[in-house]
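Q: Please see the structure below; I have some questions.
The values are calculated or read from the model by the stated rules, or taken from the named source; none is laboratory data. On a predicted model such as this, the values are computed, not experimentally measured, just so you know. A quick note on method: Cβ atoms are made from the backbone with ideal geometry, for glycine too, and the neighbour counts reach across all protein chains shown.
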Amino acid sequence: MISVFKKLSWYFKEQWVRYTLAISALIVVNVLVVIPPTILGEVIDSIQRNQLTSERFTQLVAFFIALIITSYLISFFWDYTLFGRAILLEKKMRTLLMGHFMKMTPSFFGKYRTGDLMARATNDLKAIMMTAGFGILTLVDSTVFMAFIIAIMFFTIDIKLTLAALIPLPIMAFIMQKYGKAIHERFMKAQASFSELNNDTLESIQGVRVIRAFVQEKQDEKRFNQKTEEVFQKNIEVAKLDALFEPTIKVLVGLAYTIGLGYGSYLVITGDITIGKLVSFNVYLGMLIWPMFAVGELINVMQRGNASLDRIDQILSHKPDVSDPDEPQLLKKPETIQFQNLSFRYPNSNQVDLKNINLNINRGETVGVVGITGSGKTTLFRQLLREYPIAEHGELKINGVRIQDLSLDQTREWISHVPQDHILFSKTVRENILFGNHNASDELIYDILETASLREDIDNLPEGLGTLVGESGVTLSGGQKQRVSLARALIKHPEILILDDSLSAVDGKTETKIIEHLKKVRSNKTTFISAHRLSAVQHADQIIVLENGEIVEHGTHDELMKRQGWYYTQFVIQRMEGGN
C-alpha cells in the first residue's frame, strides 16, 4: 500500500519543505485537539469535589476559545498547503504526460487508443492527486493522531482500560488489508473499462456522419449502452467494497465503545478511575472514530492511487522510437538529400516496405512521387519526417550527414508536411493558417492564400479569416480543408515541402493554378509532391514511380513518357478521362 508513496518520492523530495510544514501543522492541530477532553475530565472531577471556582471556569473557557481559534488558523494553513501541493502534482504530471505524448511516434499511438490516453490523463491523474493530498491527511490521522489519542488514554487514564478497548484494532487492520488488495484489482478493471468507453464515445462523435449515413444510430446507441453498463458494473464492484468499509469500522468502533463503557464502569465502581476520567476516556474513544475511518480511507485512496499510478507509469515507461543523438551535428540549410540503397520495414511488419531506394535531390528541385495505392509513397516521406527508427539497411543523408546524426528539432524545422488526412483545429481560419508562424502579417497571409488558390473561398466565408472552422474543419469542404492545410505549410517558408496527395480534393483547374504558384514561390526550395493525378507532378525535375516499395521508373516527365511504362500508361488514361 505504501509503495505508492515510494513511487511519488521524487515529488515529495522536490516539495519537501511545503509537505514538512503542512504535516507539522497537521500534527500541531492533532495535539491541540486532544487537550480539551483531559480538561473536561478535570472539570467534572472538580465539580464533583466542589473545587471549581468562577475564576478557574473563566480561565478554562478562555483557554478553550483560544484553542479553537488557533486550531482554525493552523488548520487553514495545512489544508491550503497540503492540497495545494496535491493540485500542483496533478498539473506537473499532466504536463509531463502531454510532453511525453508529443515525443511519441506512430507505433505508440497504434498501441494506445485516444480514449484510453484521455482517461489516463483525467481520471487516473485525479486519483493520484487524491493520494498526494487526502492520502497524506489520512496517513497522518490514522497513525500520528491515533497514536496521540491512544498515548493520552494510556498514560493519563488507565492502561488496562485502554488495552481492553483497543482489542478490535488488530481485527480491523487484518480486514482492511484484505479489502485493500481487492479494491486495487477491481479499480484497475474499472479504469480500463472506462478507457474503453471513453474511446468508443470519441469514435462515435468523430464518426457521427458515417453512423448517420449508414443508419446505424440505434446499433451505436445499443453498443454505447452495453459499454456504459459494463463500466457501471465494474464501478459497482468497487463501490461494494467501498460500502463495506464504513459498516465494518462502525461495528469495530461500537465494540470498542462497549468494552470501554462496560469495563470503565467497573473500574469506576472499584475506584480505580474517577467519573471524570471515564467521561474523558469515552470522548477519546469518540475521537478515535475518525482515525479508524481514516485507516479505511487511507487504504482505499492508496490502492486507487497505486492502480492509477501504475497505469500512468505504463505510459511514461515507453521510450520514443526516435530520439536525438548525444551530440547532434548542425547544418545551416539542406543543400542535398540522398537516399542511398535505403530499405525500411514497419515495426511488427513481416514484409519490407521500402526496398533499395536510391535518390539524389538538390536544393530547389521538385520531386514527384507516384504509384498505386500502397506502393510506399507515404512511407518514403516518413523517412524524412523521422516518424520511425532509421531504416534497416542503407542511409538517408542531408548534406552528406546521416539524418539520425541531426537533431529532431532541426530536421523538422526545415520541413512542412501536408498529409493525406487534413487535421484542422477548432479555431478560426487565421489561427489555423498561423499555426506554424504566429508572427505573420495579414499581408503575408493573403499572399499565401493566393498561392493556395484560397483567397476567393476565404472572402466568401461569413467572417473571412475570422470564421470558425468547427471540429476538424467540419464547416469547410474537402478541397478548402486541403488548401488551408497547404497555406499553413507554406506560411513557414519551409526548406522542404512535402505534399502527400494533398491536392486530391480540388478540381483540375484549381490544381493547375496551385502548381503554377508553387513553381514561382518554391523555385529555390525543395518540394516533394505525391499524387494520383499525374498532372500534379508533370513539371517536376524528377519523377519516381513506386511499386511494392521499389523505384521501378525514374526520370523527368518526357523521359518517362518515352519509356512507355506504367507512368506513360496512366498519363494517357488520365488524359483521355480528362484528368489533366
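Q: When only residues in segment 52-67 that are without any contact (Cβ under 8 Å) to a residue 24 or more places away in the chain and surrounded by 11 or more Cβ atoms within 10 Å (Cβ to Cβ) count, which is nearest to THR20 (Cα to Cα)?
A: Among those residues, the one meeting the criterion is ALA66.
Q: Run GLN410 past the list (1) closer than 29 Å to ILE337 by Cα; (2) in a helix (DSSP H, G or I); (3) out of contact with any Pro (no Cβ under 8 Å at 6 or more places or on another chain) and report the number of the one that doesn't hold.
A: Among (1) closer than 29 Å to ILE337 by Cα; (2) in a helix (DSSP H, G or I); (3) out of contact with any Pro (no Cβ under 8 Å at 6 or more places or on another chain), GLN410 violates only (3).
Q: Okay, moving on. Quick check: anything in segment 459-474 β-branched (Val, Ile, Thr), surrounded by 18 or more Cβ atoms within 10 Å (Cβ to Cβ) and closer than 17 Å to LYS377 by Cβ?
A: no
Q: Same structure, new question: Are there any pairs, at least 6 apart or on different chains, whose C-beta atoms fall under 6 Å, with the first in segment 73-89 and under 14 Å from GLU14 (Cα atoms) and without any contact (Cβ under 8 Å) to a residue 60 or more places away in the chain and the second in a helix (DSSP H, G or I) and not β-branched (Val, Ile, Thr), and if so, which?
A: Final answer for the pair search is ALA86/MET129; ALA86/ALA132; ALA86/GLY133.
Q: Of the residues VAL238, VAL253, only one is buried (at least 17 other Cβ atoms within 10 Å of the Cβ), over 37 Å from the mean Cα position of the chain (by Cα) and modelled with pLDDT under 85; which?
A: None of the other options fit; the residue is VAL253.
Q: Right, here's the next one. Which residue is nearest to the chain's Cα centre (by Cα), if the candidates are limited to segment 120-179 and must be among the aromatic types (Phe, Trp, Tyr) and under 30 Å from SER308 (Cβ atoms)?
A: Top of the filtered list is PHE134.
Q: Could you run through segment 555-580 and say how many residues are out of contact with any Leu (no Cβ under 8 Å at 6 or more places or on another chain) and either more than 25 Å from LYS513 (Cβ to Cβ) or of a type in the set (Lys, Arg) (or both)?
A: So the count comes out to 9.
Q: May I pose another question? Which residue is modelled with the lowest pLDDT, if the candidates are limited to segment 310-352 and must be under 25 Å from the mean Cα position of the chain (by Cα) and among the hydroxyl-bearing types (Ser, Thr, Tyr)?
A: Applying the filter and picking the extreme gives SER323.
Every residue, every condition in (1) in contact (Cβ under 8 Å) with a residue 24 or more places away in the chain; (2) surrounded by 13 or more Cβ atoms within 10 Å (Cβ to Cβ); (3) among the hydrophobic types (A, V, I, L, M, F, W, C), yes or no:
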position: ILE249; (1), (2), (3): yes, yes, yes
position: LEU261; (1), (2), (3): no, yes, yes
position: THR274; (1), (2), (3): yes, yes, no
position: MET302; (1), (2), (3): yes, yes, yes
position: ASP310; (1), (2), (3): yes, yes, no
position: PRO328; (1), (2), (3): yes, yes, no
position: LEU331; (1), (2), (3): yes, yes, yes
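Q: Still on this structure, please answer the following. Among the residues of segment 106-153, write down those that are charged (D, E, K, R) and farther than 30 Å from THR38 by Cβ.
A: If the condition is that a residue be charged (D, E, K, R) and farther than 30 Å from THR38 by Cβ, then LYS111, ARG113, ASP116, ARG120, ASP124, LYS126 are the ones that fit.
Q: Right, something else. Condition first: closer than 18 Å to THR510 by Cβ, under 27 Å from the mean Cα position of the chain (by Cα) and aliphatic (A, V, I, L, M). Can you find one or more residues in segment 410-426 that meet it?
A: Taking every residue of segment 410-426 in turn, at least one turns out to be closer than 18 Å to THR510 by Cβ, under 27 Å from the mean Cα position of the chain (by Cα) and aliphatic (A, V, I, L, M).
Q: Now, a different point. Can you tell me which residue in segment 312-321 is nearest to ARG382 (Cα to Cα), limited to those that are surrounded by fewer than 18 Cβ atoms within 10 Å (Cβ to Cβ) and in contact (Cβ under 8 Å) with a residue 12 or more places away in the chain?
A: Within segment 312-321, the match that is nearest to ARG382 (Cα to Cα) is ASP321.
Q: How many of the residues in segment 389-407 are hydrophobic (A, V, I, L, M, F, W, C) and in a helix (DSSP H, G or I)?
A: Final tally of qualifying residues: 1.
Q: Could you list, in sequence order, all residues of segment 433-472 that are farther than 16 Å from PRO494 by Cα and hydroxyl-bearing (Ser, Thr, Tyr)?
A: Across segment 433-472, the qualifying residues are SER441, TYR446, SER453, THR467, SER472.
Q: Follow-up. List pairs: first in segment 497-519 and surrounded by fewer than 17 Cβ atoms within 10 Å (Cβ to Cβ), second among the small types (Gly, Ala, Ser) and assigned to a helix (DSSP H, G or I), Cβ under 7 Å, 6+ apart or cross-chain?
A: Note: pairs meeting the criteria are ALA505/GLY478; ALA505/GLY479; GLY508/SER535.
Q: Wholly within segment 23-112, which helices (runs of 4 or more DSSP H) include no fewer than the required count, namely at least 3 residues that are of a type in the set (Ser, Thr, Tyr)?
A: Correct list: 54-103.
Q: In addition: Could you grab me the full set of residues in segment 34-76 that are β-branched (Val, Ile, Thr), within 20 Å of THR156 (Cα to Cα) and modelled with pLDDT of 80 or more?
A: Listed by number, the residues that qualify are VAL34, ILE35.
Q: Further question on the same structure: With respect to MET146, is the statement that it is buried (at least 20 other Cβ atoms within 10 Å of the Cβ), touching a Pro at 6+ places or on another chain (Cβ under 6 Å), under 18 Å from TYR284 (Cβ atoms) and in contact (Cβ under 8 Å) with a residue 60 or more places away in the chain true?
A: yes
Q: Name, by its number, the condition in (1) farther than 25 Å from MET118 by Cβ; (2) outside any helix (DSSP H, G or I); (3) modelled with pLDDT of 85 or more that does not hold for TYR263.
A: (2)
Q: Within segment 149-213, which helices (runs of 4 or more DSSP H) (wholly inside it) include 1 or more residues that are in contact (Cβ under 8 Å) with a residue 12 or more places away in the chain and surrounded by 18 or more Cβ atoms within 10 Å (Cβ to Cβ)?
A: Where helices (runs of 4 or more DSSP H) fall fully within segment 149-213 and carry at least 1 residues being in contact (Cβ under 8 Å) with a residue 12 or more places away in the chain and surrounded by 18 or more Cβ atoms within 10 Å (Cβ to Cβ), they are 159-165, 168-206.
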